[in-house]
Each structure stands twice: as C-alpha cells, then as structure tokens.
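What follows is calculated from the coordinates using simple rules that are stated; it is not laboratory data. As the structure is a computational prediction, the values presented were derived from the model and not from experiment. Please note: Cβ atoms are built from the backbone with ideal geometry, for glycine as well, and neighbour counts cover all protein chains shown.
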Amino acid sequence: MQAVILAAGEGTRMRPLTYTRPKVMLPVANRPILEHLMEELAKAGIDEAVLVVGYRDETIRNHFGQEWNGVKIKYATQRKQLGTADALKSASHLLENEFLMLNGDAIVGSHDIREILNAGTEEGYMALAVREVPNPQDFGVIVVESGYVRKILEKPESPPSNLINAGVYFFTKDILRYVEATKPSVRGEYEVTDSITMAIAEGVKFVPVKIKEWLDVGYPWDLLRANEYLLSRLGESRIEGEVEEGAVIKGPVIVGEGTVVRSGSYIIGPTIIGKNCTIGPNCFIRPHTAIADNCHIGAAVEIKNSIIMSGAKIPHLNYVGDSVIGENCNFGAGTKIANLRLDRKEIYVSVKGKKIPIGRKKLGAIVGDNVQTGINASINVGAMIGNNVFIAPNALVDGYVEPNSKVF
C-alpha cells in the first residue's frame, strides 16, 4: 500500500524553529516528526511513501534517501505551497490506484492507520479520519449522516459537533477528477476538503473513522506535548554510554553511545540523551527531557521538560524549563529561562505580530539555532528568539526577537 505524505510547507506558525528546517524535520524524542510518522506507517503495512516536498526539501531528501526502514520512497516537488489539493496534484504521476494521504507534521498510530485502510478497502469507498476535540472551532468540523460524511465545515463559529477532520484520507485515483476541478479557497489555496465536498455532492461515499492516537503539532509549544507523549512510551532504560560512579539514574532513561554522565548528575526518566554528549558533573535533568547528540549540560544546570537540539551547550549555573532550544546554542554562565508567570496565569506569546493564548501555564522559551547568551542573561516566559541572536550579559529578553538581532 502507498502513502502520500504532505511535507512541502514552510511552517510559518512554527517560527523561529523553521527558519532553518522544514516543519516536519523538527525533533521530538530526538527524532524528526516525519520519522516517527514513517515508523507508524511501516508498522501499518505501508511499503511505499511519496513525499511531497518543497521548502528546504534537501533536508528531507538527505535524511530519508530512496528507502527508509524498508519503505520505498519517491519524491514529488511542490515549489509553491498552494494547498493540499495542489500538493496531491503534484504527486499525481506517482500514484497507485489506492493510496493513503496524510500530513507530515502529525503523528498517527499504526493501529489507526490500519483502521482507515480497512474502512476504505472493505466498503469499497473512500475514508477519512475523524477525532473528537474540545476546540472544534479551530479545525474542519465533520457532519456525519447515516454513517457517512455529509459535510466538512471549515472552522465554523458554532460547530455542530466536536468531531473534526484529522487530515488522514484513504483515496482512490477517482479523487483526482475532483482535485482538477477544485477552485481556490478564500485563502487563495486549493483545498482537498473542497475536492471531497464536490465528490460527496456527486454521490461518492466517504466513511468516517474515529482515531485515537493523533499528535497534531501546530505551534512550537506543541512539540513539548508530543515529546512528553512519546517519551512516556520509552519502556526500559538503555545505557550505551558511560555513567560514572556517583551519578543517579531513575526511571526509563536512554543514554547514547559516546555520552559521558559525570559523577553527581541526577537524571529522572522518561528522558533521552543522544550520542557524544557530556552531562554534568552535578546537574539535574528532570522528566520528559530530550537532549540530542553532541550537547553539553554542565555543572549546577537544571533542565526540565525540554527539547535540546544537537550541539547545544548549557554548561554553567543555568535553568531551562518547558523550553525548546535550537541547534548549536551556547548559554553563558547564569543564563536562566523563566517558565511560570508570577501571577500563575495562562501564558501568551507573540505569533505573526499577535499575542495569542497557548493553553499552558508553563512555557519557557522557544529558541532558534545558533543563539548565544552572555553571563546572567534572563529570558522571560514565552519568549520567542530567532536564530543567530546575540544576547549580551545581564540582558532581559521578552516577547519576540527577530533573527540576527543583538539584545543589550
């Protein structure tokens, strides 16, 4: 069975993390989102994937090549991101008669993928995944009548139900006729939901399939939620590096090859530490932390519920909580990130020039690649820091900081 995976988008809502990589290559539990999805697809029996790529596509091509984990890979290019129907159209020359289509920035469990495939093939119809959520007004809402999809309402003000479109479809090539006829939406994009609406109007049956395991990553802080979930499934500890006498490891913890955990370090799982890292001495790593390869977490440093990307150095007297730290960052001694407002209320962050609530009371900072801080820099809750930013000693960072800036 074949799967078409949409992975061409830039992911502007994920800035500053997507200035240097496509959204689907952002890491959770030390692996790209797309890699987690590919693993679930392989478990479900998918033997060929067509990756629709565009923005920084070389990152995806170099990582996955022509075959990954037994799954043959083909590529289609969508140079301008003009919507999901346009993405499917760009891959039309590679499609088999039946195929799965899904977004590369959401992780779907293998059991749910099999359910969607079975619903389509057994009934002889097409199928789409649905899920119940508390905030349906933020999604496409599904209306079901007599066991089939009747309508898809895009972000309605008064949703008729809390059943949403999860963006996973089982199609036959018949859908391409409707894709070709799809007109631009009010956003100026060609939406596959409009193609489906046309097909339903002509009597094509779509079976709704409720799914259970679905991790949708829309904003940078959603990476933390996905990271927590995936790390909670770690199982037993696996120590491939060196743990010095006097270090303490509790719960499921993975320590990669070439990593040294120095004496006095205290690590609580679920936590994953990559290859060739230096941890400690005398540091505290708390649960749901993912530290990638070639990192340095040093003396009197505390890391909690965070994603630390490869090459980052947090070496002296630092605190990082509920944060995402980009590649090759270097924190000066005493740099600390706050993760809780003094009034303990919900945190707001700046996205595309607007302050939005994030539904979390704890969030530290989202830090792009190659950020350097001087000694005793202070980073406030909800700070969004672009790549290549220089933060001077004793500086206070708040709100959104553009890439290549200097903060004094």
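Each Lys and Arg adds +1 at its Cβ and each Asp and Glu adds -1 at its Cβ; summed about the Cα centre, region 330-408 shows a dipole of about 380 debye. Averaging Cα coordinates gives a centre for region 380-399 and one for region 211-232; these two points are 25 Å apart. Residue-wise HN-Hα couplings along region 99-104, as the Karplus relation 6.51 cos²θ - 1.76 cosθ + 1.60 with θ = phi - 60° gives them from phi, are 7, 9, 10, 7, 7, x Hz; Gly and Pro carry x.
Using a Förster radius of 56 Å, what is the FRET efficiency between residue 185 and residue 340 based on their Cβ-Cβ separation? Nearest 0.05, please. Rounded to the nearest 0.05, the efficiency is 0.90. Each distinct pair of alpha carbons in region 2-218 adds a 1/r term; the inverse of their mean, the Kirkwood radius, is 17.4 Å.
Sorted from fewest to most neighbouring beta carbons within 10 Å, what does the list 77, 289 look like?
In increasing order of surrounding Cβ atoms, one gets 77, 289.
Placing a label point 7 Å from the Cα of residue 205 along the Cα-to-Cβ direction, the residues of region 147-175 whose backbone N falls under 13 Å of that point are 147-149.
3J(HN,Hα) along region 204-213, derived from phi through the Karplus expression 6.51 cos²θ - 1.76 cosθ + 1.60 where θ = phi - 60°, amounts to 6, 8, 10, 8, x, 10, 6, 10, 10, 9 Hz, with x in place of Gly and Pro. Sorting 405, 90 by the number of Cβ atoms found within 10 Å of their own Cβ, with the fewest placed first, yields 405, 90.
If the segment from residue 282 to residue 71 were pulled out straight at 0.36 nm per residue, it would be longer than the present Cα-Cα gap by 71.6 nm. For region 227-407, dividing the convex hull volume of the Cα atoms by the residue count gives 98 Å³ per residue. Neighbours of residue 14 by Cβ distance under 12 Å: Lys/Arg scored +1, Asp/Glu scored -1, total +2.
Taking label positions 7 Å along the Cα-Cβ direction at both residue 402 and residue 242, the computed distance is 4.7 nm, reported to one decimal.
Modelled spin-label separation between residue 177 and residue 146, with each label point placed 7 Å from Cα along the Cα-to-Cβ direction: 2.0 nm. For the chain, the Stokes-Einstein estimate of translational diffusion at 20 °C and a viscosity of 1.002 mPa s comes to 96 µm²/s, using the Kirkwood hydrodynamic radius over alpha-carbon pairs. Only helices enter the 222 nm calculation for the chain: every DSSP H run of n ≥ 4 contributes -39,500 (n - 2.57), and dividing by all residues gives -4500 deg cm²/dmol, rounded to 500. Please state the shape class of region 224-333: rounded when a/c is under 1.5, otherwise prolate if a/b exceeds b/c and oblate if not, all from the C-alpha gyration tensor. In terms of gyration-tensor shape, rounded. Helix 192-201 and the longest principal axis of the C-alpha atoms of the chain enclose an angle of approximately 30°. Here the Karplus relation 6.51 cos²θ - 1.76 cosθ + 1.60, evaluated at θ = phi - 60°, turns the backbone of region 232-239 into coupling constants of 5, 9, 4, x, 7, 5, 9, 10 Hz, with x for every Gly and Pro.
Too long at a 20 Å Cα-Cα cut-off: which of 23/155; 173/205; 89/173; 250/304; 151/210; 23/345?
Those over the limit are 23/155; 23/345.
Between beta-carbons, use under 15 Å as the cut-off and find the net charge around residue 50, counting Lys and Arg +1, Asp and Glu -1. Spelling it out: positives minus negatives among the neighbours equals -2.
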